[in-house]
Amino acid sequence: MPFINKIWKYSSLSIVGLEKNTGKTECLNYILNRVKNSEKVVALTSIGIDGEGIDQVTHTHKPEIEVFEGMLFATSEKHYKGKLLTAEILDITRKRTSLGRLIIARASSSGKVLLSGPADTAWLRSLIAEFRRLGANLTLVDGALSRLSLASPATTDAMVLATGAALSANIPELVRRTTFIYTLINLPQVEDCIKSKINSIDKGVWAIDNNNELHDLNISSAFSINTENVSLLSYRTRLFIAGAVSDKLINFLRIQKQIKDIEVIVKDFSKLFISPEAYNMFTRKGGRIKVLQQPELLAICINPVAPNGQQLNSQELIEALQANVSVPVYDVRQLEQSYN
């Protein structure tokens with residue numbers, strides 16, 4: 001059972017899809033089926049909404065998520081009411097999602113459930129801690145990469161990445177785009193002395209001087225650099241961006257005369273909505289990007305079938321991707337067939 005034994009080394013794991021229909025739910029179900037008979041307690045939640053049988057965008061069939069007896073799970077009030085299993089409610093949060101309060105429960109039987117979880121990273125982090133308090137040895141998070149999501153899958157200790165033909169039906173392009181995300185996931189972490197100072201900051205653009213002191217530049221976000229960039233590099237060349245970073249900021253910084261000394265710090269890789277071209281030009285000129293959180297990437301799972309039915313050669317895709325990354329690459333459907 002590839003990479004499953006590695007999972008137990010961590011207390012939390014996110015399964016992250018690079019695009020809709022890249023096999024994220026199938027990968028999650030593969031993991032659930034392998035851990036369900038262990039003596040350890042497993043918890044499950046989601047970033048956003050998942051578990052629906054039909055994709056709301058492509059209207060194609062999606063694998064449903066099955067929760068097993070004894071498992072802990074968290075979902076919104078609305079989705080809890082629609083569950084197809086019996087469960088014991090352990091807690092109801094005061095905070096609300098767009099679909100109601102979050103219900104934490106223990107499954108008394110196996111069955112299907114729609115998942116909708118914490119709306120931001122701090123909440124996700126506290127939920128993982130609550131699961132641990134309730135006895136969970138492992139929390140699985142159905143993750144997401146989206147500019148619209150305020151909760152980051154990088155909050156978990158480890159991660160499995162799902163990619164496939166839905167991202168690109170061209171193998172070289174699919175490999176290029178997936179390898180780039182792999183590069184971002186493995187960006188170096190910032191020093192602990194800096195991390196402790198900026199970990200709780202959620203807004204704005206900040207400068208870090210030679211004494212590792214923070215300076216609020218009174219810039220609302222990285223998207224405001226056109227009109228508010230006068231003081232951007234006035235203290236030093238290290239910048240902490242609390243929110244998302246796009247090509248706009250990276251392209252602005254790479255033309256600065258201090259480019260070889262510029263260091264951009266972000267919460268984690270999921271905040272980087274940048275192109276490989278912009279990243280490569282920035283780093284080739286000497287610019288650096290670091291992160292506060294760096295989850296351990298355990299594996300990459302591929303789905304060679306696109307939503308329109310187009311199918312890539314699975315083995316060719318695995319070999320092409322494996323040549324560019326140091327973590328194992330698997331086709332989950334092939335793993336299921338060999339397991340059964």
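What follows draws every value from the coordinates through simple rules; no lab data is involved. From a predicted model like this one, the values you see are computed outputs, not experimental measurements. Every residue, glycine among them, receives a Cβ derived from its backbone with ideal geometry; neighbour counts consider all protein chains shown.
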Given the convex hull over the Cα atoms of segment 192-291, what projected area results after averaging over all orientations, in nm²? 5.7
Calculated FRET efficiency, Ile255 and Lys9, Cβ-Cβ r, R0 45 Å, to nearest 0.05? 0.55
Just rank Glu213, Glu19, fewest to most, by other beta-carbon atoms within 10 angstrom. Glu213, Glu19
Any residue on another chain or 5+ positions along whose placed amide H is under 5 Å from the amide H of Thr139 is listed here as Ser12, Leu13, Ala43
Taking Cα pairs closer than 8 Å and at least 6 residues apart, the relative contact order of the chain in percent is 20
Relative contact order as a percentage, segment 192-291, C-alpha pairs under 8 Å and 6+ apart, gives 24
Principal-axis tilt of helix 171-185 within the chain, Cα atoms, nearest 10 degrees: 70
Apply the Karplus curve 6.51 cos²θ - 1.76 cosθ + 1.60, θ = phi - 60°, to the phi angles in segment 287-298 and return the couplings in whole Hz, x for Gly and Pro. x, 10, 10, 10, 10, 7, 10, 9, x, 7, 7, 8
Share of Cα-Cα pairs in the chain lying beyond 24 Å, as whole percent: 57
In whole Hz, what ³J(HN,Hα) sequence does segment 313-328 give by Karplus (6.51, -1.76, 1.60; θ = phi - 60°), x for Gly and Pro? 6, 4, 5, 5, 5, 4, 5, 5, 6, 4, 5, 10, 9, 9, 9, x
Looking only at lysines whose Cα falls under 22 Å of Lys290's and that sit 8 or more positions away or on another chain, we get Lys195, Lys197, Lys203, Lys248, Lys257, Lys260, Lys267, Lys271
Taking the mean number of other Cβ atoms within 10 Å as a proxy for protection, how do you rank 323-331, 157-165 from highest to lowest? 157-165, 323-331
Between Leu99 and Ser126, what FRET efficiency follows from the Cβ-Cβ distance if R0 is 22 Å, with the result rounded to 0.05? 0.75
Exposure proxy ranking, count of Cβ atoms within 10 Å, fewest first, for Thr283, Thr156: Thr283, Thr156
When the helix-only estimate is applied to the chain (DSSP H runs of n ≥ 4, each -39,500 (n - 2.57), divided by the residue count), what is the mean residue ellipticity at 222 nm, nearest 500 deg cm²/dmol? -7500 deg cm²/dmol
So if R0 is 25 Å, what FRET efficiency would His215 and Glu296 give, r being the distance between their Cβ atoms, rounded to the nearest 0.05? 0.15
